[in-house]
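What follows is a set of notes on a single structure, which appears directly below.
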Amino acid sequence: MMHVKHVLVLGGTTEARLLAERLVAEPGVRVTTSLAGRVAAPRLPPGDVRVGGFGGSGGLAEWVRAHRVDALVDATHPFAAAMSRNAAEAAAQAHVPLLALRRPGWVAQDGDRWHSVASLAEAAELLPTLGERVFLTTGRMGLAAFTELDALWFLVRSVDPPEPPCPARTEVLLDRGPFSLEGERELIRRHRLDVLVTKDSGGDATAPKLTAAREARIPVVVVRRPPVPEGVPVAATTDEAVGWVVRQLYAEGPAASG
Ligand code: NAP
C-alpha cells in the first residue's frame, strides 16, 4: 500500500488555501493547514485544519515529528515574521524540507507617490508631513504606533475589530478583501482621505487601493517586508509551491532543496 505523505501548510492567506486545495487533489498526499486563530471566522481550506500557536519553534518541531510531517510550507502572510522564523528553526530541528510561499511585493508605477518605510513606527513618524486624513490598512494589530497622532483622523480598515489602543480620532471599517477599484475610489472621496498607509502585502485582492491612491494623487506610505529567513527557498506562486512539494515527497533519497 502507498505510504500517504503528510504536508503541513502554515496558513492564514489566500495562497495557503489555494495550495491546500491543490495538494489534497494529489494522490497519496494528506494536508494539514495550521491557522493562528486570529480571525474569528476564517475561510477554511480543504484537508485537516488545526488552530492556535504551537508554542514556539520547539513546539512546532515536536508537532512535525509527532504527526510525521514529510514537508512543510510556510504560506503565512509576508509580515508574519515570527512564525516564519519558527518554521525555519523547526524545519532544521525536525529535519523536514521547508519552502516559503510568498506572493511578490507590489511595484510602484508612474504617478505613484510612495514612501517606503521599515516599520509602523517609521510610518507614524512620517505621516504628519504627508496628510491629515489617513486610510490605515495595516491590519488590526500594531495601531499603538499611531496613538500619539492626535491631530490626524484615521479610517482603520480590518477584518476583525482592531486591538486597542487606537488613535483618538479613529473610525473603524470592518471589511475583508477582495476590494474593488470603484469601492476604494468611493472611500477616498467620501472620507476625504489624503494619505494611505499599507504593508507591502502584494497580491491582487487589496491592490485596488494603490490604483485609487494614484488616481487621487495622494501619497502612500508602504511598509517594507521583513526578509525570509536565510537559506529557505521561496516560491512566488501556488503552482511553484505544488511543484516543490511533489519534488520533495517523491525525491529519491534525502530531500532535495531549492
Ligand atoms: P507572527 O507574529 O509571525 O506570529 C506570532 C505567533 O502566532 C507565532 O509565534 C505562532 O505562535 C502563532 N502563529 C502565527 N501564524 C500561525 C499559524 N499559521 N499557525 C499556528 N500558529 C501561528 O504572526 P502574525 O503576523 O500575528 O500573523 C498571524 C496569522 O495571521 C498568520 O497565520 C498570518 O498568515 C495571518 N496574517 C497576518 C497578517 C499580517 O499582516 N501580519 C496579515 C494577514 C494574515 P507559537 O509561537 O505559539 O507557535
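Just so it is clear, none of the values below were taken in a lab; they were calculated from the coordinates. All values derive from a computational prediction rather than experimental measurement. When we count neighbours, we look across all protein chains shown, and the Cβ atoms used for this are built from the backbone with ideal geometry, even at glycine.
Data table
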| item | result |
| --- | --- |
| Label point 7 Å beyond Cα of residue 108 along Cβ direction - residues of region 208-248 with amide nitrogen under 17 Å | 210-225 |
| Whole-number percent relative contact order across region 114-223, with pairs defined as alpha carbons under 8 Å at least 6 apart | 33 percent |
| Theoretical gain in end-to-end length, residue 118 to residue 224 [0.36 nm per residue, Cα-Cα removed] | 37.6 nm |
| FRET efficiency, residue 82 to residue 181 (Cβ-Cβ, R0 30 Å, nearest 0.05) | 0.35 |
| Over region 94-153: Rg over Rh, Cα atoms, Kirkwood Rh | 1.12 |
| Note, ³J(HN,Hα) from phi for region 57-71, Karplus 6.51, -1.76, 1.60, rounded to Hz, x at Gly and Pro | 5, x, x, 5, 4, 4, 4, 4, 5, 5, 9, 6, 6, 9, 8 |
| Region 186-258 versus region 73-118: alpha-carbon centroid distance in Å | 8 Å |
| Degrees separating the helix 238-250 axis from the principal Cα axis of the chain, which is the longest one | 20 degrees |
| Relative counts (whole %) of C-alpha pair distances in the chain, using bins that are 5 Å wide | 1, 6, 13, 16, 17, 14, 11, 9, 7, 4, 2, 1, 0, 0 |
| Cut-off 16 Å, label 7 Å out along Cα→Cβ of residue 67, residues of region 1-27 by amide N | 4-13, 16-17, 19-21, 23-24 |
| Most to least packed among 71-83, 54-66 [average Cβ atoms within 10 Å] | 71-83, 54-66 |
| Volume of the Cα convex hull of region 114-223, divided per residue and given in Å³ | 86 Å³ |
| Estimated dipole of the chain in Debye, rounded to 20 [Cβ of Lys and Arg +1, of Asp and Glu -1, Cα centre] | 300 debye |
| Net charge, residue 6 excluded, C-beta distance under 14 Å - Lys, Arg +1, Asp, Glu -1 | +2 |
